[in-house]
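Remarks on the structure that follows.
The values are calculated or read from the model by the stated rules, or taken from the named source; none is laboratory data. All values derive from a computational prediction rather than experimental measurement. As a convention, Cβ positions derive from the backbone with ideal geometry for all residues, glycine included, and neighbour counts pool all protein chains shown. Note: areas computed on protein heavy atoms with side chains; ligands, DNA, RNA excluded. Shrake-Rupley method; radii C 1.70, N 1.55, O 1.52, S 1.80 Å.
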Amino acid sequence: MIRLTARTGRLFLELCSFVGELIIFCFRILTNLLVPPFFLRAFFSSIIQIGWLSLPVVGITSFFTGGALALQIYAGGARFNAEEVVPSIVAIGMVRELGPVLGGLMVAARVASSIAAEIGTMKVTEQVDALITLSTEPIKYLVVPRVIAAVLAVPVLVGVGDSIGVLGGYVIGTTRLDFNNAIYLINSINYLEFWDVLSGLIKGAVFGCIISVMGCFFGMRCEKGARGVGQATKSAVVSASVLILAANYFLTEAFFSS
Amino acid sequence: MIEVSDLHKSFDQNNVLKGVNLKISDGKSMVIIGASGQGKSVILKCLLGLIKPDKGLVLLNGIDPNSKEKNIALAKIGMLFQGGALFDSLPVWQNVAFRYLNGKRKISTSEARKIAIDKLNRVGLKDSFADSFPSELSGGMQKRVALARAIATEPEIIFFDEPTTGLDPIMAQVINKLIRELVVEMGVTAVTITHDMQSVRSIADEVALLHAGTIQWTGPLKNIDKSKNKYLNQFISGSGKGPIETLR
């Protein structure tokens with residue numbers, strides 16, 4: 001019993017220490033965000049890595065998700081003679097939920113892992129220490145450009161993903177479910193509101209922040225050796241994915257509960 | 001001038017440094033020797049402000065690298081890491097000219113490249129390596145690039161962490177000679193940590209032996225073979241018998 005209590009207590013203390021470290025890390029990012037020097041080359045390189053190179057993954061995922069959604073809603077709607085809702089539900093579902101969440105998760109898998117592995121390797125090979133001896137703050141050089149790039153790039157990815165997802169629904173709707181091309185498009189657009197799109201993009205920005213912060217955080221606290229880099233990579237992806245799903249709930253609650 | 005006074009550092013229950021005192025005069029090359037795990041790298045990290053000591057004071061030309069003036073102290077130092085620590089996402093010349101491409105010393109790209117190539121030539125590398133990436137170079141070449149980066153801004157103090165580890169004896173001697181040449185030519189204060197006696201004899205003006213968390217012996221290079229210090233004698237001879245415990 002005492003051992004169990006001690007273990008629980010130790011776990012709780014470790015959790016508190018972890019959360020404390022994360023809060024301090026976020027605070028250090030904020031304090032370095034607006035103070036020069038700014039590393040523009042690192043920022044543009046991150047935009048390419050996070051935004052441009054993630055486009056194929058997000059695009060393919062969104063296309064198939066939109067198509068599958070159209071099939072599911074058609075099958076479900078047929079039970080109530082409501083097949084005509086397919087275009088509007090696909091559009092709203094993609095733009096509000098599936099586009100941001102699936103896009104965020106795909107980017108988390110691709111980008112959080114790569115950031116954690118890259119920074120973790122730099123940490124264990126003393127490249128982070130080398131930055132300090134070269135009078136360069138590692139948070140400013142390695143973390144800030146990635147966080148800003150992710151916050152800006154992920155909403156764009158979500159926007160592109162939303163469009164491709166709706167396109168996926170349109171392709172399946174018109175080729176497999178016998179919808180008229182024009183009617184499908186009109187129904188998709190008519191039932192979609194500006195706030196639906198904007199809320200998805202805001203979610204994208206929040207998810208981008210989560211992904212980059214988690215990748216950088218676990219990379220920077222990476223312990224020595226290949227095992228440490230592997231552990232950091234795994235922790236970054238798992239925590240970013242869980243936090244994205246949790247944040248999605250709270251954002252949805254905040255945006256749409258009323 | 002580098003001054004280390006009563007330096008203490010522990011990691012959990014392990015007291016690594018237990019009151020290290022050292023003084024290194026301007027323009028002198030000090031080599032700190034000692035068996036593995038005795039805290040040589042910890043001293044170096046405390047000198048660089050990478051690790052905060054538990055107790056004691058470190059001054060680099062009168063500035064504490066663990067204080068708010070850290071960047072003033074770091075602006076005047078160069079560091080050669082054991083593994084080179086070159087940024088593998090940047091080409092060689094950008095590694096060498098890193099300080100000239102980023103931060104307060106920023107200059108134009110063409111000027112920075114010119115300085116980088118000049119420093120690469122100084123350490124014996126041709127211009128053609130400037131656009132290579134560190135992963136395309138051999139271990140010896142990487143050490144040279146790291147050395148070029150360490151001297152790029154003409155620092156007042158240079159630290160060398162195990163400069164010859166992982167190199168073959170011939171390349172190790174080339175690097176030792178290069179370090180000695182640069183130290184003499186630039187008139188810098190140098191601190192090297194190593195357990196390679198060949199490096200000690202090539203680089204040092206003065207030697208300090210670290211064991212059990214304190215400096216057991218310090219003196220000019222010429223005195224190391226005449227010393228009656230048991231720790232130093234055992235270290236130089238590489239004998240298994242003596243006050244330095246060995247694991248078998």
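Starting from the range A:225-248, keep only residues that are part of a helix (DSSP H, G or I), then list their pairs with residues that are open to solvent by less than 30 Å² (accessible area, probe 1.4 Å) and modelled with pLDDT under 95 whose Cβ atoms are within a distance under 7 Å, requiring at least 6 positions of separation or different chains.
That search, which allows pairs on different chains as well, returns A:228/A:222; A:229/A:222; A:232/A:222.
With the structure loaded, tell me whether residue A:177 is of a type outside the set (Val, Ile, Thr), at pLDDT below 95, open to solvent by less than 30 Å² (accessible area, probe 1.4 Å) and within 24 Å of residue A:84 (Cα to Cα) or whether it fails that test.
It is true that residue A:177 is of a type outside the set (Val, Ile, Thr), at pLDDT below 95, open to solvent by less than 30 Å² (accessible area, probe 1.4 Å) and within 24 Å of residue A:84 (Cα to Cα).
Which of (1) more than 29 Å from residue B:26 (Cα to Cα); (2) within 14 Å of chain A (Cβ to nearest Cβ); (3) more than 19 Å from the chain's Cα centre (by Cα); (4) not aliphatic (A, V, I, L, M) does residue B:113 not meet, given it meets every other one?
For residue B:113, the failing item is (2).
Just checking, how many residues over the range A:106-130 are open to solvent by 40 Å² or more (accessible area, probe 1.4 Å) and more than 14 Å from every other protein chain (Cβ to nearest Cβ)?
So the answer is 3.
Given the conditions (1) within 26 Å of residue A:220 (Cα to Cα); (2) open to solvent by 60 Å² or more (accessible area, probe 1.4 Å), which single one is not true for residue A:22?
Evaluating residue A:22 over (1) within 26 Å of residue A:220 (Cα to Cα); (2) open to solvent by 60 Å² or more (accessible area, probe 1.4 Å) leaves (2) as the failure.
Would you say residue A:139 is open to solvent by 20 Å² or more (accessible area, probe 1.4 Å) and either of a type outside the set (Gly, Ala, Ser) or away from chain B (no Cβ under 14 Å) (or both)?
Numbers: open to solvent by 20 Å² or more (accessible area, probe 1.4 Å): no; either of a type outside the set (Gly, Ala, Ser) or away from chain B (no Cβ under 14 Å) (or both): yes.
Against the criterion (open to solvent by 20 Å² or more (accessible area, probe 1.4 Å) and either of a type outside the set (Gly, Ala, Ser) or away from chain B (no Cβ under 14 Å) (or both)), residue A:139 does not qualify.
Which ones in the range B:174-201 are surrounded by fewer than 22 Cβ atoms within 10 Å (Cβ to Cβ) and among the polar types (S, T, N, Q)?
B:198, the sole residue that qualifies.
Kindly establish whether residue A:94 is over 30 Å from residue B:102 (Cα atoms) and either in contact with a Cys (Cβ under 6 Å, 6 or more places away or on another chain) or open to solvent by 50 Å² or more (accessible area, probe 1.4 Å) (or both).
Considered against the rule, which asks whether it is over 30 Å from residue B:102 (Cα atoms) and either in contact with a Cys (Cβ under 6 Å, 6 or more places away or on another chain) or open to solvent by 50 Å² or more (accessible area, probe 1.4 Å) (or both), residue A:94 comes out as no.
Only one of B:192, B:218 is in a strand (DSSP E or B) and more than 17 Å from residue B:41 (Cα to Cα). Can you tell me which?
On the way: B:192 fails: more than 17 Å from residue B:41 (Cα to Cα).
Among B:192, B:218, only B:218 is in a strand (DSSP E or B) and more than 17 Å from residue B:41 (Cα to Cα).
When you look at residue A:185, is it free of Cβ contacts under 8 Å to residues at least 12 places away in the same chain, in a helix (DSSP H, G or I) and either open to solvent by 10 Å² or more (accessible area, probe 1.4 Å) or not hydrophobic (A, V, I, L, M, F, W, C) (or both), yes or no? Break it down stepwise before answering.
Numbers: free of Cβ contacts under 8 Å to residues at least 12 places away in the same chain: no; in a helix (DSSP H, G or I): yes; either open to solvent by 10 Å² or more (accessible area, probe 1.4 Å) or not hydrophobic (A, V, I, L, M, F, W, C) (or both): yes.
In short, no.
Considering only the range A:117-134, I want to know if a residue exists there that is part of a helix (DSSP H, G or I), more than 30 Å from residue B:99 (Cβ to Cβ) and of a type outside the set (Asp, Glu).
There is no residue in the range A:117-134 that is part of a helix (DSSP H, G or I), more than 30 Å from residue B:99 (Cβ to Cβ) and of a type outside the set (Asp, Glu).
Evaluate the range B:129-141: report whether one residue or more is open to solvent by less than 10 Å² (accessible area, probe 1.4 Å), in a helix (DSSP H, G or I) and touching an Asp or Glu at 6+ places or on another chain (Cβ under 7 Å).
Within the range B:129-141, one or more residues are open to solvent by less than 10 Å² (accessible area, probe 1.4 Å), in a helix (DSSP H, G or I) and touching an Asp or Glu at 6+ places or on another chain (Cβ under 7 Å).
Which of the residues spanning the range A:1-39 are in a helix (DSSP H, G or I), under 29 Å from the mean Cα position of the chain (by Cα) and among the β-branched types (Val, Ile, Thr)?
A:19, A:23, A:24, A:29, A:31
Run residue A:81 past the list (1) within 25 Å of residue A:185 (Cβ to Cβ); (2) in a helix (DSSP H, G or I) and report the number of the one that doesn't hold.
Going through the list (1) within 25 Å of residue A:185 (Cβ to Cβ); (2) in a helix (DSSP H, G or I), residue A:81 breaks only (2).
Show the residue pairs meeting these rules: Cβ distance below 6 Å; 6+ apart or different chains; first residue within the range B:100-118 and within 21 Å of residue B:129 (Cα to Cα); second residue charged (D, E, K, R).
B:117/B:127
Name the single residue, out of those in the range B:147-173 being hydrophobic (A, V, I, L, M, F, W, C) and over 18 Å from residue A:127 (Cβ atoms), that is surrounded by the fewest Cβ atoms within 10 Å (Cβ to Cβ).
Just the residues of the range B:147-173 that are hydrophobic (A, V, I, L, M, F, W, C), to begin with: B:147-148, B:150-152, B:157-160, B:167, B:170-172.
Narrowing further to those that are over 18 Å from residue A:127 (Cβ atoms): B:151, B:157-158, B:167, B:170-172.
On the way: B:151: 22, B:157: 22, B:158: 22, B:167: 19, B:170: 9, B:171: 17, B:172: 20.
Out of the qualifying residues, it is B:170.
With the checklist (1) at negative phi; (2) within 10 Å of another protein chain (Cβ to nearest Cβ); (3) open to solvent by less than 40 Å² (accessible area, probe 1.4 Å) in hand, flag the one item residue B:106 doesn't pass.
(3)
So residue A:89 fits all but one of (1) crowded, with 21+ Cβ neighbours inside 10 Å; (2) touching a residue at least 40 places away in the same chain (Cβ under 8 Å); what number is the exception?
Only one criterion is unmet by residue A:89, namely (2).
Quick one: count up the residues across the range B:1-50 that are at positive phi and without any contact (Cβ under 8 Å) to a residue 40 or more places away in the chain.
3
Restricting the range B:84-103 to residues that are in a helix (DSSP H, G or I), modelled with pLDDT of 90 or more and facing chain A (nearest Cβ under 8 Å), which is surrounded by the fewest Cβ atoms within 10 Å (Cβ to Cβ)?
Per the stated criteria, the residue is B:99.
Those residues that are modelled with pLDDT under 95 and crowded, with 24+ Cβ neighbours inside 10 Å, I need them from the range A:204-223; list them, please.
A:222
What residue, among those in the range B:146-170 that are within 12 Å of chain A (Cβ to nearest Cβ) and assigned to a helix (DSSP H, G or I), is farthest from residue B:76 (Cα to Cα)?
Pass one, the range B:146-170, residues within 12 Å of chain A (Cβ to nearest Cβ): B:146, B:149-150, B:152-153, B:155, B:157-159, B:161-162.
From what's left, assigned to a helix (DSSP H, G or I): B:146, B:149-150.
Details: B:146: 16, B:149: 13, B:150: 11 Å.
Residue satisfying both the conditions and the ranking: B:146.
Hey, can you tell me all the residues within the range B:156-212 that are under 19 Å from residue B:229 (Cα atoms) and hydrophobic (A, V, I, L, M, F, W, C)?
Within the range B:156-212, B:197, B:200, B:204, B:207, B:208, B:209, B:210, B:212 qualify.
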